[in-house]
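Reviewing the structure listed below.
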Amino acid sequence: MTPTIPTTAPTSVGMSNAVSRLCLLLLCSAYLQGAIDKALDFAAAIAEMQHFGLAPAAPFALLTIAGEIGASVLVISGIKRWLGAAYLGVFTLLATLLANRFWEVTGAARIGVENGFFEHLGLAGAFFLVAWVDFHIQSRPGQRDAAWRG
């Protein structure tokens with residue numbers, strides 16, 4: 001017997017609203033922390049953009065701050081959660097391809113960079129899963145709120 005993969009999203013993930021929001025906050029915590037740090041030290045944010053070859057650096061820094069905060073708010077609040085999660089998934093993939101190019105690193109430093117690369121792939125996968133589930137649940141009338149709480 002061949003196992004089948006469900007093609008529809010579950011109607012409930014069996015969590016209370018508080019637990020669900022806490023999990024989503026934890027998922028977004030690095031993006032909120034990074035955006036706040038960049039906003040509080042904008043010169044360092046610009047230097048980071050320059051370090052990765054992004055120009056013009058100031059607009060990229062502003063877009064990064066706005067994107068990380070805005071998408072995190074969408075994910076945590078539930079308003080267009082799928083959109084915020086998809087944005088953070090794509091952002092994470094692009095950022096890790098830019099910042100964690102382990103294939104260019106030699107020696108002992110490669111291990112840390114490679115671990116960071118694959119950790120970020122896992123994080124992107126979690127965001128894509130949230131986006132997928134939320135998008136499919138939104139298409140079911142009456143199921144939206146029940147999906148993220150028990």
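Brief remarks on what is shown
- Qualifying positions in region 63-88 - buried (at least 17 other Cβ atoms within 10 Å of the Cβ) and among the hydrophobic types (A, V, I, L, M, F, W, C): ILE65, ILE69, ALA71, LEU74, VAL75, ILE76, TRP82, ALA85, ALA86, LEU88
- Of all residues in region 1-48 being at pLDDT 55 or above and of a type in the set (Ser, Thr, Tyr), the one that is surrounded by the most Cβ atoms within 10 Å (Cβ to Cβ): TYR31
- Some residue of region 129-139 being surrounded by fewer than 18 Cβ atoms within 10 Å (Cβ to Cβ), among the hydrophobic types (A, V, I, L, M, F, W, C) and either modelled with pLDDT of 95 or more or under 15 Å from SER20 (Cα atoms) (or both): yes
- Residue within region 45-61 that is free of Cβ contacts under 8 Å to residues at least 60 places away in the same chain and under 30 Å from HIS136 (Cα atoms) present: no
- In region 89-128, residue nearest to ALA35 (Cα to Cα) [restricted to those that are among the aliphatic types (A, V, I, L, M), loosely packed, with under 13 Cβ neighbours inside 10 Å and without any contact (Cβ under 8 Å) to a residue 40 or more places away in the chain]: LEU94
- Scanning region 47-95 for residues that are more than 9 Å from the chain's Cα centre (by Cα), hydroxyl-bearing (Ser, Thr, Tyr) and closer than 21 Å to CYS23 by Cβ gives a single hit, SER77.
The values are calculated or read from the model by the stated rules, or taken from the named source; none is laboratory data. Fair warning: this is a prediction, and the values are worked out from it, not measured in the lab. Neighbour counts run over all protein chains shown; Cβ positions are idealised from the backbone, glycine included.
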